[in-house]
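K.L.:
I'd like to ask you about the structure that follows.
The values are calculated or read from the model by the stated rules, or taken from the named source; none is laboratory data. Fair warning: this is a prediction, and the values are worked out from it, not measured in the lab. Ideal geometry is used to build each Cβ from the backbone, glycine not excepted, and the neighbour counts take in all protein chains shown. What goes into the accessible areas is simple: the full protein's heavy atoms, side chains included, and nothing from ligands, DNA or RNA. Shrake-Rupley method; radii C 1.70, N 1.55, O 1.52, S 1.80 Å.
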Amino acid sequence: MNQALKKILIKTKKQVFSEIIGNNSTKLKGEGYDFCELKEYEYGEDVKNIDWVISAKMQKPYVKVFYAQKELNVNIVSFLNGSTYFGSDAFKQEVIVQIASALGFICVKQGNPFSSFIANEKLEVCTKKSKQIFNVNYMSEQKYYYNVIGKNINYEKITKELFKSIHHKSMIFLIGDFFDIEKLDLKLLCQKHEVIALIIRDKFEENPIELGNVNFIDPNNNRNFEGILNKNTIDLYMKKIKENDHKLYNHFQNCAVRFTKIYTHEDLIKKLIGVLK
């Protein structure tokens, strides 16, 4: 493991264990710590849950009901394709690794098992179901050193394989830059699982500057692009980006997918806390 990856893991682990608190509560009623409601006492219920203050006011016994603490099955899916090999502050691939490791550490802290995948033309299992820190480190190494050059995303194939591979109701995190999403369809996956999308972008991608004559290499297919990056080409490019994102947001909303956008220069832990609340 090189020093750059070690720094990512040490920083992320420290942030997770110091800033993110609490466990997962479900909408199921049972033994837990998160208050749900008050209700009249019924024979056989645990008397330790009686609220004596409210009972005295109402002249009949009332008990506190709590949300049950329930173990979550978490799946971390990283879309690693050529376009993630880009970044003005940090490479998007590195940010995806940091987010995946943060989610892994959160699972370890809260006692939830997690599995991880790498997705592009096909779905690859990165780590199997585990609650161990070792698996967080192993997952991070696999994704950090993964060769993304020449890889494209087959969203249709990936969503079908995820639906077949994940049998139990789970929380699925989809992490990627979500460009070219014409064939992205999460309806079937969302019927069975809770899906959260984390969109990783670089600020230059959405607000490029005029550079004049340029020579780019497309990391998705290794093709050269020679042209002029002026106001007209930037306006056309930004129009396509806005159309892509408008379609993407509408699809997420129609499928009840929670999502947030994280830029390569932002504090990703704060963004994660926001979407996980």
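K.L.:
List the pairs whose first member sits in region 101-113 and is of a type in the set (D, E, K, R), whose second member is open to solvent by less than 10 Å² (accessible area, probe 1.4 Å) and in a helix (DSSP H, G or I), and whose Cβ atoms are under 9 Å apart, counting only residues at least 6 apart or on separate chains?
P.N.:
These pairs meet every condition: LYS109/VAL16.
K.L.:
Picking from ILE262, ILE273, ILE228, which residue would you name as being aliphatic (A, V, I, L, M) and within 22 Å of PHE117 (Cβ to Cβ)?
P.N.:
Step by step, each of ILE262, ILE273, ILE228 is checked, and only ILE262 is aliphatic (A, V, I, L, M) and within 22 Å of PHE117 (Cβ to Cβ).
K.L.:
Name the single residue, out of those in region 24-72 being more than 24 Å from HIS168 (Cβ to Cβ), polar (S, T, N, Q) and open to solvent by less than 80 Å² (accessible area, probe 1.4 Å), that is modelled with the highest pLDDT.
P.N.:
SER55
K.L.:
Only one residue in ILE172, ILE149 is more than 18 Å from ILE76 (Cα to Cα) and open to solvent by less than 60 Å² (accessible area, probe 1.4 Å). Which one?
P.N.:
Within the list ILE172, ILE149, the selection yields ILE149.
K.L.:
Also, I was wondering about something else. Suppose the filter is in a strand (DSSP E or B), open to solvent by 30 Å² or more (accessible area, probe 1.4 Å) and either without any contact (Cβ under 8 Å) to a residue 60 or more places away in the chain or touching a Lys or Arg at 6+ places or on another chain (Cβ under 9 Å) (or both); does PHE225 pass it?
P.N.:
It is true that PHE225 is in a strand (DSSP E or B), open to solvent by 30 Å² or more (accessible area, probe 1.4 Å) and either without any contact (Cβ under 8 Å) to a residue 60 or more places away in the chain or touching a Lys or Arg at 6+ places or on another chain (Cβ under 9 Å) (or both).
K.L.:
Please work out which one of (1) basic (Lys, Arg); (2) at pLDDT below 95; (3) farther than 17 Å from SER116 by Cβ is the condition LYS129 fails and give its number.
P.N.:
(3)
K.L.:
Still on this structure, please answer the following. Output the number of the condition that LYS122 fails; it satisfies all remaining conditions of (1) touching a strand residue (DSSP E or B) at 6+ places or on another chain (Cβ under 9 Å); (2) under 22 Å from SER165 (Cα atoms).
P.N.:
LYS122 satisfies all of (1) touching a strand residue (DSSP E or B) at 6+ places or on another chain (Cβ under 9 Å); (2) under 22 Å from SER165 (Cα atoms) except (1).
K.L.:
Still on this structure: May I ask you to list the residues in region 203-222 that are out of contact with any helix residue (DSSP H, G or I) (no Cβ under 6 Å at 6 or more places or on another chain) and either open to solvent by less than 10 Å² (accessible area, probe 1.4 Å) or not charged (D, E, K, R) (or both)?
P.N.:
Passing the criteria: PHE204, ASN207, ILE209, LEU211, GLY212, ASN213, VAL214, ASN215, PHE216, ILE217, ASN221, ASN222.
K.L.:
So which of GLU141, GLU121 ends up being closer than 21 Å to LYS157 by Cβ, in contact (Cβ under 8 Å) with a residue 24 or more places away in the chain and out of contact with any Gly (no Cβ under 9 Å at 6 or more places or on another chain)?
P.N.:
On inspection, the qualifying residue turns out to be GLU121.
K.L.:
Would you point out the residue of region 94-113, among those that are open to solvent by 20 Å² or more (accessible area, probe 1.4 Å) and assigned to a helix (DSSP H, G or I), that is farthest from SER170 (Cα to Cα)?
P.N.:
Restricting to residues being open to solvent by 20 Å² or more (accessible area, probe 1.4 Å) and assigned to a helix (DSSP H, G or I), the top hit is GLU94.
K.L.:
State yes or no: is ILE199 of a type in the set (Val, Ile, Thr) and at pLDDT 95 or above?
P.N.:
So ILE199 fits the description; yes.
K.L.:
Now a separate question. Between GLU243, GLU266, which is of a type outside the set (Lys, Arg), surrounded by fewer than 17 Cβ atoms within 10 Å (Cβ to Cβ) and assigned to a loop (DSSP other than H, G, I, E, B)?
P.N.:
Being of a type outside the set (Lys, Arg), surrounded by fewer than 17 Cβ atoms within 10 Å (Cβ to Cβ) and assigned to a loop (DSSP other than H, G, I, E, B) holds for just one of GLU243, GLU266, which is GLU266.
K.L.:
Among SER101, SER130, SER140, which is under 24 Å from PRO219 (Cα atoms), of a type in the set (S, T, N, Q) and touching a helix residue (DSSP H, G or I) at 6+ places or on another chain (Cβ under 9 Å)?
P.N.:
Going through SER101, SER130, SER140 in turn, the sole match is SER140.
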